[in-house]
Every structure is written in C-alpha cells, then in structure tokens.
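These notes are about the structure you will find just below.
Values quoted throughout were computed directly from the atomic coordinates according to the rules given, and no laboratory measurement underlies them. Since the model is a prediction, treat every value here as computed from it, not as a measurement. Note: ideal-geometry Cβ built from the backbone for every residue, glycine included; neighbour counts use all protein chains shown.
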Amino acid sequence: MSYSRIARFYKLIEKVTIGRALLDARLAHLDRLAAGPKVRHALLVGEGNGSFLLPFTQRFPGAEITVLDESPAMLQVAQARLAAAGVDTARITFRQADMTSESLPEGRYDLIVTLFFFDNFDGSTVRQIVLNLESASTLTAQWLLSDFQIPASGWRRVRAQVWLAVLYAFFRCVAAIPARCVPPTEAILEATSFKPFAAKTYCGEMLYSTLYVRNHIG
C-alpha cells in the first residue's frame, strides 16, 4: 500500500469526490476535545496530508504530537502545509511507519487519532492495529475515529454502496490498498476498553466521526 503517487493531488481528489464532508468529519469533535482533559501526547495515525494536523496544532499548542504515516510523500506534504501556515513543528515528530508491524511505547498517548485510515485494511488487520494502539494509550485516553460506513437501509444505503464501490476500486488501483470493503472498525474498537462517548454522521450517514473514551471520562 502506498499513497505516495497521489500525495500531491490527494486534497483535489477529496474535493471532487466527498468534498467538505470529509473535513467536517475529521474536525467534528475538536471543541469537545478542547473542553475535556488536557491533551499532552497525541498520536495521529495515517494522518495523510495534514488536513486534521494543522487545525489540531493550532487548537492544542501545548500538546506533543507524533504523526505516523506509511507514505513519506504524504508526510512531506503535511510538513509543508504546516510550514506554510507558520506552525512551529518542534513539538511534532513525523515518522514513516507501517502500522502492521510498528512498535509503540506502552501507555504513552492520551489521545489516539485515526481518521479515514482503517478503511484501507481488512478486519483482522484492523483488530491487530487497534490492539497495538490500545496498548500504547494511557488508562484515561481518548480516541478519535472517523471513517466510512454503509447505512442500514434505504436510499442512503444504496448511495453509500455505489460510492464506496467506486472509491475502493480507485484506491486499489492507484494506492494498492489491500481492503475491498469497509471493515467493522467500530465493533472492533468497542470490544476493547474504549467506549463511544459522542458521535456524528455526515454525507447521508456514509461518514461517521466518533469520540471514544477509555474507562469513561467526563
């Protein structure tokens, strides 16, 4: 899997497909995060071109941030985006990482962020990565998850099925993603010590954004 070929065009690809709803889903819980426990160490996995990272750094100036992505080109785009906005990156660590084999420090992060990342993998791989991230989180950590889903019924379900079939075909071609359909990420995460705290949906329920808490804080 590699998004490097399309890193420079990824923002345009999003704009001409799902558009603003993707950004809305990413930023859905920033206010709630800001009003909650202090974020000291945040881990952003599969951040891509920095569309969440930039507003997050501006909103949380005291947080130490680790950004992991399998694509060095995406990391470069994200760094350039922050530089153009005049953001001091001294507190941000950028690292190329394959999350299927990445080793993380235990109990380190009080915020895990996975936005439109798990849809690249099948269920068994998602479960493996989730368990790794759970081990890397503090006992009172929060987890921000945004991704695609197929609504239960009606025209929204049909619309999502068509859109996702097109998107999966495209990204399997240009980025060689291993997944063929949306994995059951929510069910996998809820089987851990993390439980949903707040949730929103977008784009006819095809996108969701959920804030999870460990040991239920707030």
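Calculate the spin-label point distance for residue 34 paired with residue 157, positioning each point 7 Å from the Cα along the beta-carbon direction, and give it in nanometres.
3.9
Can you give the extra length, in nm with one decimal, that the chain gains between residue 124 and residue 83 once fully stretched, where that is 0.36 nm per residue apart less the Cα-Cα distance?
Answer, rounded to one decimal: 11.0 nm.
Can you say what percent of the DSSP beta bridges in the chain, counting only those with both residues inside, are antiparallel? Round to 5.
Taking every DSSP beta bridge with both residues in the chain, the antiparallel ones total about 45 percent.
Measuring from the lowest to the highest alpha carbon on each principal axis, how far does the chain reach, largest first, in angstroms?
43, 37, 32
Using a ≥ b ≥ c from the Cα gyration tensor of the stretch 150-208 (square roots of the eigenvalues), is it rounded, prolate or oblate, where a/c under 1.5 gives rounded and otherwise the larger of a/b and b/c decides, a/b for prolate?
Oblate, since a/c reaches 1.5 and b/c is not below a/b.
Using the Cβ atoms and a cut-off under 11 Å, what net charge is assigned to the surroundings of residue 56, where Lys and Arg are +1 and Asp and Glu are -1?
That sum, taken over residues with Cβ under 11 Å, equals +1.
Give me the base-10 log of I(q)/I(0) for the stretch 1-127 at each q in 0.19 Å⁻¹, Debye formula, one uniform scatterer per Cα, rounded to two decimals.
Rounded to two decimals, the profile gives -1.20.
Kirkwood Rh over alpha-carbon pairs of the stretch 104-160, then Stokes-Einstein at 37 °C and 0.692 mPa s: what D in µm² s⁻¹, rounded to an integer?
254
Which percent, nearest 5, of DSSP beta bridges in the stretch 12-103 are antiparallel?
The answer is about 0 percent antiparallel.
Neighbouring Cβ atoms within 10 Å as the yardstick, rank 181, 203, 173 fewest first.
By the 10 Å Cβ count, ascending, the order reads 173, 181, 203.
I'd like the distance between the alpha-carbon centres of the stretch 181-218 and the stretch 57-127, rounded to an integer number of Å.
19
Name the helices (complete DSSP H segments) of the chain with a Cα length along the long axis of 27 Å or more and a Kyte-Doolittle mean of at least 1.6, or state none.
Helices meeting the span and hydropathy rule in the chain: none at all.
Taking every pair of Cα atoms in the stretch 102-218, average 1/r, invert it to obtain the Kirkwood radius, and report Rg/Rh to two decimals.
0.99
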